[in-house]
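No value in this document is a laboratory result; all are computed from the given coordinates. Fair warning: this is a prediction, and the values are worked out from it, not measured in the lab. Glycine also receives a Cβ, built like all others from the backbone with ideal geometry; neighbour counts cover every protein chain displayed.
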Amino acid sequence: MNAPAPSILNALSPSDIEDVAERRAVLAEIDASCRNTLLLLFGASLTWLLLGTVFALIASWKMHAPEFLADISWLTFGRVRPFHLNAMVFGFSTQAGIGVTLWLMCRLCRTPLLYGWIVDLAGLFWNLGVAVGLVGILAGHSTGLEWLEIPPYATPLLFVSYALIGMWGILTFRFRRERHLYVSQWYLLASLFWFPGIYSAAQILLIMQPVRGTVQAAVNWWFAHNVLGLWFTPIGLASIYYFIPKVIGKPVYNYSLSVLGFWSLALFYNWNGMHHLVGGPMPAWLITVSIVASVMMTIPVVTVGLNHHLTMWGNFKKLKDSPVLRFMVFGGMSYTVTSLHGVLLALRSVSEVTHFTHSTIAHAHQGMYAFFTMVMFGAMYYIIPRLLKVEWPSAHVIRVHFWCAAIGIMFYLVPLTLGGVLQGLAMNNPDVPFLDPHKYSVVTMTLPYLRMRSYSGFLLAIGHTAFAINFIWILARWVKTLRLPQLATPAPSL
Amino acid sequence: MSSAINRSTPDNPAGKPAGADVSLPPDGVVDLAPADPREHIEPVEAHRPISIWLVTFLGVLLFWAGWYVQRYSGGYEALVYDEQAMGLGGAKSNAVPVIDPYVLGKRLYGDTCAKCHQPDGLGLPGQYPPLAGSEWVLASGPARMIRIVLDAAQGPIKVKGMEFNNVMTPWRDTLTDRQIAALITFVRTQKEWGHNATPVTPEEVAAIRQKTKNRTAMGPWTVNELLALPENESSP
Amino acid sequence: MNYGPLLFLGFFLTVASSWCGLVLLPQIQFGRQQAVKIEETGEIYPQARSGLAEQGRQIYRANGCLYCHTQQVRAQNYGADIARNWGQRRTVSRDYLYDHPVMLGTMRTGPDLTNIGLRQSDTSWHLLHLYNPRITSPGSIMPPFRFLFAKRKAGERPSPDALKFPSGFAPASGYEIVPNAEARTLVQYLLSLKANAPLPETK
C-alpha cells in the first residue's frame, strides 16, 4: 500500500505539541514587529506600481499613436519610457523586494524585526530619491544610461537609504536565533550584498569617474543585467523556495539541488551582461564570454526548475485553493521559460534576428513581470494578512487580479515576442523597406503587435487596480479591529 | 545511491520507499507554531542525491563552454571584432555579395533617396521634386542625373511643370560608384513608376566622378549649369 | 550551511570575478584607446565634436532618442545594416572614444543613426522631420518634437530660419515656425554623426 509522502507533522510526538503555543507566539511576534515597516514599504511600492502602470500605458500608446500627448515636453516618449522603467524597477519592484526580503529574513532567522526605525528611515530616503530622480528624468536630466537614468543629484538619497538597509541586514543576520540557513536566506543575503556593490560600481565608473568609450557600454550592461540576475532573481527565487513548500506543507525536494542551483547562479549569471551587445562594437572575446555564460545558465535554471517542480509534484490540485500558490507557480514557471528563452536569445544566430526588436522588450517583461512581479504579488498576498491579522476582504477581487495579470501578461508576451521576431526578419531583409506606409515595411508591420501590447496593458492595469482596492480595503478593516477591545484581538504587537 | 527498482508515484517521485531518504534537519527543530492556525510548518529541505544525469549534463556544458570560448574569441585580441577570426589577420566574413544593380538600388533607395523623394517617388509638393515621371530622370542619357547624385542640385528648378527651390544632399563622399550606378539604374528603370530608361554602369559613374572631381568646392549644380550639359556623355 | 563568513566570501568572489572579466579586463585592454591617423586621408579619427554638436548631444540624451535609435553598425553579412547603407563598415570601439555617455541604443523602432550625418546632410530636412516626422516620412511613428520650436507671428517676409513647409503642412497664415536653439544644436549633432573612416581594425 502506498504510504502518503512523509510530512514533518506525522513525525512528531505529542510532547512536542506543548511547544506549539510558544512557537506560535514567536511567529506572531515576528509578524507583528514587521507590521508598520512592511506596510509602509508595500504601500509605497504599490503606489509606484500604479504610477508606473499609468506611464506604461502612455508610453505604449504613443508607440502606435505618436501624436498622443505629443506637445508636452515632459511627456515625450523618450522621457516617459525611462520613467516607467525606473518607477517599476526602483519604485515598485525594489521596495516590494526589500519588504519581502525583510519578512523572509525575520521569519527564517526567527528574530523579530530589530531596529525597525532604520528601515523606516531607509524607506523614506528611498522614496524621496526615486521621486526626485523620476521628476528629473521627465525634466530632461536623464543620464542617458539605460537602467541608470536617475540623475546624479538623486542617487545620494538612494545610497543613504541602502546603507541603512545594509546595516539592518547585517544586524539581523548577526543576531539571528536560527543557526541553520535555509536556501532562501542564501539568496537574500547574497542579493543584499550584491546590489549595493554593483550599483556603486556603476555609479563610480559611469557617472563619477566615467570610463572612456565602449568600456562604458560594458559597465552599463554588466550593471543592468546584474540588477536582474543578482538582485531581483535571488529575491524571486528565495520567495518561491519559501512559499511553495510553506503553502503546500511539504519539504523542498532536494537540498543538493538547492546548493547547486544557488552557486551556479552566483557564478554564471553575472558574466551574462555582454549578451546585450552581441554584434556591437566590442571585441569578439568579450561577447563570446557572455554568450557562454548565458548558455551555462541552463544549469541553475534547470536545477532550480526541477527543485520547484518536484516539490510541487503531486500537489498541483492545491492551486485551486491558494491564490498565493497560483502566483508563485506562475512566477516559477515563467522564470524557467524566460531564462531558457534568454539562453536562446544570447546565441549569435538568434540575436541576429531578435536584437533591436520588440522581442527584447517582451523578454524583459517576461522576467520582470511574469516572474518577479507575480512572485511579489503572491508574497504580498501571503504576508499582509499575517501582519494585520485580518483576512483579505475579497477573494473574488484577488481572483480578478490574478487572472487579469496572468492573461494580460500572456497577451503582452506572445504577440510582442512573435512580432519582434518578424520585425527582425524584416529588418535583416534589405529588400523590405524600413518605412513605407503603402507596403510591408519594418515599421508598419509592427503596428498591430504594438496595439496588442497596449490592450494587454489595460488588462494588467485592471489587475493592479484590483490589488490596490483590496489593499486599501484590508487596511480599512484592520483599522476597525484596532478599536475592538484588546482581549478579543490576537497577540499584542510590539 | 542504490538503483533498486521502485515504482515512482506522484507523491514519491524518487520511487524510494516512503520516508526512506527524506531526512529531517539534524537538531529536529521544526517550527510547528504558525501564527495563523491554518499555516503549515516553516519550510525545510529534504535531502536526496543529485541525479547523475544532471551532473553529466553539467559536464557536457562545461566542455562545450571551454571549446566555444577558445574558438570564438578571436585570439582574445582587443582589436578583433569578428568572432570567426582566430586572431589578428584572421578570416574575415566581409565578402560583399554580388547583386543585381536593380535590387541593390532598390535597397539603397529607401534610406537615401526616399527620405526626401519619398518611397513612392512622388516627392513632397513645394519641397522635394518627384522622381517618378521626372524628365530629369528619364532623359535619354544619365549624364545630368549622375552629376546631381554626386554633387547635388540647388536653387530654382522645374520638374514636371512644378517649381521647386531647395538644396539636395550630395552623395559623392558617401556612396561608391557601384552604389550610385545601382541607385540610378533602379530609378531609371523602376517598373512601378512606368520607367523604361537605360541603366547605368559603375564605369560611367566613375568617368563623370573623375571629370567633375573639383566640383565640390563650387557647390551643388544649378539648373542653368545642368541644362548647359548634354544629356548624353560621349565616352572619353 | 552555517558558515556566514565563508558565504560572504563566496558572494564576493563570484561578483568580483565578473567585474574583473567584464569591466577591469576591457578597461585594461581597450580603455585607453587613442585616436589614429587615417592613411587614406591623413586625418585624425575620431575627432571631438564641435561645441554646438556636443550641446545637441545633450538634447539627444535628455529626450531619450536612444530608446528608438541605435548608433552601432553590425558587421557585413550579420544582419542587414550594411546592406541598408546604414554604414560602409561596422562600428568599433574607437568610433566612440569621445562619447559620454555612449548611447549605443538597444532598439531599432527607428533606423540606426551612426552615419545619419552622411545619409542626410540637409539641415532643413532634419528640422522639418523633428518638427513633425510625418511631413518628410509618412507612416512614421516617431514622436513630433514641436516643443523644440517656436511659433510666432510672421513679419512682411519670412525669417531666414523659418521652416519651409510643403503644401498642406504650413501653419496658419500669418505665422511661422522657427527652431529653438535646442533644435538647432540637435541637428548639428545629427549632422556630426559619421563613422566611415577606414580604421585599420576594420580592414
Sort C:V178, A:V442 so that the residue with the fewest other Cβ atoms within 10 Å of its own Cβ comes first and the one with the most comes last. C:V178, A:V442
From Cα pairs below 8 angstrom and at least 6 apart in sequence, can you work out the relative contact order of segment A:22-180, rounded to a whole percent? 29 percent
Binned Cα-Cα distance frequencies in segment B:101-227 - 5 Å width, integer %: 2, 11, 22, 27, 22, 12, 2, 0
Once the mean 1/r over all distinct Cα pairs of segment A:302-433 is inverted, what Kirkwood radius in angstroms do you read off? 16.5 Å
Per DSSP H run of at least 4 residues, take -39500 (n - 2.57); add these up for the protein assembly as shown, divide by its residues and hand me the 222 nm value, nearest 500 deg cm²/dmol. -16500 deg cm²/dmol
Specify the angular offset, from 0 to 90 degrees and rounded to the nearest 10, of the alpha carbon long axis of helix A:183-203 from the longest principal axis of the alpha carbons in chain A. 40 degrees
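Mean 1/r over all different Cα pairs, inverted: what Kirkwood radius does segment A:236-482 give, in Å?
Working: mean 1/r = 0.0501 Å⁻¹.
Kirkwood radius, segment A:236-482: 19.9 Å.
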Per the 1/(1 + (r/R0)^6) rule, R0 = 22 Å and r from the Cβ atoms of C:L13 and A:V259, FRET efficiency to 0.05 is 0.85
Treating the beta-carbon of each Lys and Arg as +1 and of each Asp and Glu as -1, no other charges, what is the dipole magnitude of chain A about its Cα centre, to the nearest 20 debye? 840 debye
Once exposed loop trypsin sites (Lys or Arg not before Pro) are cut out (DSSP; at most 14 other Cβ, 10 Å), longest piece of chain A: A:180-438
Place a +1 charge on the Cβ of each Lys and Arg in segment A:395-483 and a -1 charge on the Cβ of each Asp and Glu, then give the dipole magnitude about the Cα centre in debye, rounded to the nearest 20. 680 debye
How far apart, in nm, are the 7 Å Cα→Cβ label points at A:D431 and A:H180? 6.6 nm
Provide, as a two-decimal number, the C-alpha radius of gyration of the protein assembly as shown over 2.2 N^0.38 Å, N being how many residues it has. 1.06
Provide a whole-number value for the mean count of partner chain Cβ atoms within 10 Å of the Cβ atoms in peptide A:252-260. 6
Sorted peptide list for A:250-257, C:163-170, C:35-42, C:141-148, criterion being average Cβ within 10 angstrom, highest first: A:250-257, C:141-148, C:163-170, C:35-42
Based only on the alpha carbon positions, what is the Kirkwood hydrodynamic radius of segment C:4-138, in angstrom? 18.0 Å
In chain C, lysine pairs with alpha-carbon atoms under 18 angstrom apart (chain gap of 8 or more, or interchain): 5
In peptide B:107-118, what is the residue-averaged number of other protein chain Cβ atoms found within 10 Å of each Cβ? 6
Output the relative contact order of chain A, whole-number percent, from Cα pairs under 8 angstrom with separation of 6+ residues. 15 percent
In segment B:176-236, GluC sites (Glu not before Pro) in a DSSP loop with at most 15 other beta-carbon atoms within 10 Å: B:E231
Quote the FRET efficiency, to the nearest 0.05, computed for A:V479 versus A:W74 with a Förster distance R0 of 60 Å and r equal to the Cβ-Cβ distance. 0.95
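Exactly which trypsin sites (Lys or Arg not before Pro) in segment B:166-219 are in a DSSP loop and have at most 12 other Cβ atoms within 10 Å? Could the numbers behind the result be given before it?
Working: sites: B:R172, B:R178, B:R188, B:K191, B:R209, B:K211, B:K213, B:R215; in loops: B:R172, B:K213.
Sparse-neighbourhood loop trypsin sites (Lys or Arg not before Pro): B:K213.
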Most exposed first by the Cβ proxy, i.e. fewest other Cβ within 10 Å, how do A:S441, A:S334 rank? A:S441, A:S334
Report the charge-dipole magnitude of segment B:114-236 in Debye, nearest 20, computed about the Cα centre from +1 at each Lys and Arg Cβ and -1 at each Asp and Glu Cβ. 160 debye
The helix A:215-226 Cα axis meets the longest alpha-carbon principal axis of chain A at an angle in degrees, between 0 and 90 and rounded to 10, of 40 degrees
For segment C:97-203, run through the GluC sites (Glu not before Pro) and keep only the ones in DSSP coil with at most 14 other Cβ atoms within 10 Å of their Cβ. C:E156
How would B:M168, A:M445 line up from fewest to most surrounding beta-carbon atoms within 10 angstrom? A:M445, B:M168
Other chains' Cβ within 10 Å of A:359-365 residues: what's the mean? 1
Dipole of chain C (Lys/Arg Cβ +1, Asp/Glu Cβ -1, origin at the Cα centre): which of C:S17, C:Y175, C:V73 lies farthest to the positive side? C:Y175
Using a Förster radius of 56 Å, what is the FRET efficiency between A:T47 and B:E135 based on their Cβ-Cβ separation? Nearest 0.05, please. 0.30
With angles folded into 0 to 90 degrees, how steeply does helix A:374-388 sit against the dominant principal axis of chain A? Use alpha carbons for both and round to 10. 30 degrees
Alpha-carbon centroid distance for the pair segment A:147-166 / segment C:9-47, whole angstrom: 27 Å
Other-chain or far-sequence residues with amide H under 5 Å of B:V159's (modelled H): B:F164
Where does segment A:188-243 land on Rg(C-alpha)/(2.2 N^0.38 Å)? 1.31
